[in-house]
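Notes follow once the structure below has been shown.
Every read-out reported here was derived from the displayed coordinates using simple, explicitly stated rules and does not represent laboratory data. A quick note: this is a predicted structure, and the numbers were derived from the prediction, not measured. Methodologically, a virtual Cβ is constructed for each residue, glycine included, from the backbone with ideal geometry; neighbour enumeration extends over all protein chains shown.
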Amino acid sequence: MCGIVGYTGNLQAASIILDGLSKLEYRGYDSAGIAVLNEKGHTEVVKAKGRLQNLIDKTDSGKAIKGTCGIGHTRWATHGEPSQINAHPHVSSNSSDISSDNNSEVIGVHNGIIENYLEIKEKLANSGYQFYSQTDTEILIKLIDYYYNKYDHNPLSAISHSMIRVKGSYAIEVMFSDYPEEIYVARKDSPIIIGLKDDASFIASDVPAILKYTNSVYYLDNMEMARITKGHAQFYNIDCKEIEKEVTQIQWDAQTAEKGGYQHFMMKEICEQPKAVRDTLNSLIKDNQIILNEKLNIDSEYIKNLNKITIVACGSAWHVGMIGQYVIENIAKVEVRVELASEFRYRNPLIKKDDLIIVISQSGETADSLAALRLAKQSGCHTLAIVNVVGSSIAREADNVLYTLAGPEIAVATTKAYSAQLVSIYSLAVCFGYIREAFDEDKYHYYVNELLSIPEKIDKILENKERIQWFAFKYSNARDAFFIGRGIDYGISLEGSLKFKETSYIHSEAYAAGELKHGTISLIEDNTLVIGVLTQSHLYKKTISNMVECKTRGAYLMGLTNYGNYQIEDTSDFTVYIPKLEENFAGSLAVIPLQLLAYYVSVSKGIDPDKPRNLAKSVTVE
Ligand code: G6P
C-alpha cells in the first residue's frame, strides 16, 4: 500500500529518505511527503501531490531541507482524496503548515487503516483539537499528541496508549520535536523494518528501501514499538517493557532490487523467471529427490492421511491456486479447494483438523490472506505459507513456510513470483503424490526431470519475444479481449487476462471455454481479440470448437499451444507455440507469452507497466 522510510544519523536525512521512497513507490504513488527534524527541534514538512518526482523537484532532491533525522511517506489514498493536504506526514498542530516551530510537535506517517477514526475524532474534538485533512492518519497523530500531553511527554507511553485505543492496522513512524534525532515506530498488521549501520539507523516498510545501506534488519512484530537513535534501536512491548529482538541478514543485494539495464522492472522480472524458477526448484529438489516434506518437517503419515487441501490467496497467487487445484488432484489424488482470501475469511468455512490450508502470497502481507491464515489457525488445522518475502507476517504466523526464491519483485504486476509459486505447488503435488503412493518410482523420476527442465524451456520462449512484441503492437488498440481455455488452461487464461487488463487498461475477461456460450459469446463481434489456450491434449479439440464458435462471430483468434499441434493454424489467425512439457506443468510455459503480450501492449500504449493506475503491489488493507 503506502511506503514508509526514516533515517537518523550524521548525514542529511532528506536525500536518503527520498532515495528510499523511490524504491517503495510501487506500494503507492498518489502523493508523497517528508518531514525533517533538526537538532533544535525545528521541523520542516514538505508534501507534493502525484509522483514522487514532484517532491524530489520541490525539495531540490532533498538538498533544500536541512537536518539529520527525518521521516517520509508515499501515499496510496484510502481516507481522503489524493491531495497535498491529505499527504503524510501529519502533524499535531491545527494546520498542516509546511514549516513549523511549534513546541512539542508530534509529526508522523502511517500505513494501514484506523477503523474507529471517526469515534476518536469526536473525542479529540471535545478536547479542543481541530483537523485540517480528511485522513485517519491526522487523527492518529493527534491521538498520540493527546496521550503525550497526558503522560508527561513520554513518547512510548503516548504511542502505546494510542495503540490500545485504535482499531485497525498500522505501521507508524513518529517524531517528537522535544526529542530531536529520535524516531519512534510501532506496528500492527502492517510491516516495518529497522536497519542499523555504524552510527546510522534506517527505517522502512520494505527491504529494497534500505538495502543500499545495510543488510542487517530487525522486523517489528505486532503490538511492538521501537525507539530509534543514531545507530541504535531499542524494542518495547505494548507495556513499554524493553524486549530483545534478533537481527535478520537479508541475502538480496541492492543491485538485485534495481532495474539492471532494463527499461522496466516488469520486463526485467519476466526475464528473471528462469532463475527464479531454478532457484526455487533447487531449494526443493536435491539429488533428484523432492525434499519439500523434510525441509518443512511434515510427517509422511500426516500427508498420507490428509483429508483435504484448501488453497487461499488473492490476485495472481489465487490463480496459482486455481492451477494447483487441477495439478494436485491429478498428481497427488487429494481433494483441493481454492478460495479467494477475501471471501474465505467471512464465510465460516468448514475446516477439519486433518485439512491442510495453504496460503500463497508474494508479499506475505496481503491483509485478506493474513486474516484467512489466522482464521485457519484458529480451527486447529495445519497451515503452510508459500511466500516470497522473508520474515513477512504470513511467513512468520504460518505453521510452516516454503519460501519461493524469486528475489525482490518490484513491478506491481507479478511475474517471477507467480512462476516461483507455481513450481512450488507442482513440487508439493509430486512430493505428496509419491508419499501417498499415487504413482510409482518411474513416474516420480519422470515428474522430477520434467520439473527440472522448466527453466531452460522458459528461456527458449523468452528468446522469441520479438514475435509477441510484433503482435502486441498490432493489437494494442483492441477494445476487448477474451482468454479462453479448459481445466489447467482456464487457470492460465485467468492469469493471462489479469496481466493484460492491469497493464494495458483494455477490458479483458477469462472464461472457461465451455461456459462462453452461456452469455459472454454475445460480446464477440468483428475483430474482437480471442486468445485460446490449448496445452492439454485431452481438451484440445473441445477448445478448438469453442474458438471456431468465436471465429464464426467475427473474432480474431490467437492460439497458444504446444509445439506439434500445427493443425491449429487452420483455425487461429496467429499462433504461439511453447515447448513440450508434462502437461500438468504447462502453466509455467504458457504464462510467459501472455506476460510478454501484456507488457508490450502496455508499452505500446505509453503506459508505465511497472505502476498501473489505481493498483498497489502490496494490498495491506481489506
Ligand atoms: C496485488 C498485486 C498482485 C498480487 C496480489 C496478491 O493485487 O498487484 O500481483 O497477486 O496483490 O498479493 P500477494 O503479495 O499476497 O501475492
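For this structure, a couple of remarks:
- Where only DSSP H runs of four or more residues are counted, the chain gives -11000 deg cm²/dmol as its mean residue ellipticity at 222 nm, each run worth -39500 (n - 2.57).
- Near Asp442, once Lys and Arg are set to +1 and Asp and Glu to -1 for all other residues with Cβ below 14 Å from its Cβ, the sum equals -4.
- Panel order for Trp470, Trp318, by other beta carbons found within 10 Å of each beta carbon, from fewest to most: Trp470, Trp318.
- Within the shell of other residues whose beta carbon sits under 13 angstrom from the beta carbon of Ile309, the net charge comes to 0, with Lys and Arg scored +1 and Asp and Glu -1.
- Summing charges over neighbours of Tyr117, with a neighbour being any other residue whose Cβ is under 12 Å away from its Cβ, gives 0 when K and R count +1 and D and E count -1.
- Charge dipole of the stretch 125-281 (Cα centre as origin; +1 on each Lys and Arg Cβ, -1 on each Asp and Glu Cβ, all else neutral): 300 debye, rounded to the nearest 20.
- Two numbers describe the Cα atoms of the chain: Rg and Dmax, which are 25.6, 81 Å.
- Magnitude of the charge dipole, the stretch 212-355, Cβ model with Lys/Arg +1 and Asp/Glu -1, debye to 20: 280
- Using the average count of surrounding beta-carbon atoms within 10 Å as a protection proxy, the listed peptides 326-334, 559-567 rank, highest first, as 326-334, 559-567.
- Rounded to the nearest 20 debye, the dipole size of the stretch 340-381 about its Cα centre is 180 debye, using +1 on the Cβ of Lys and Arg and -1 on the Cβ of Asp and Glu.
- Dipole-positive endmost among Tyr577, Gly20, Asn116 within the chain (Cβ charges, Cα centre): Tyr577
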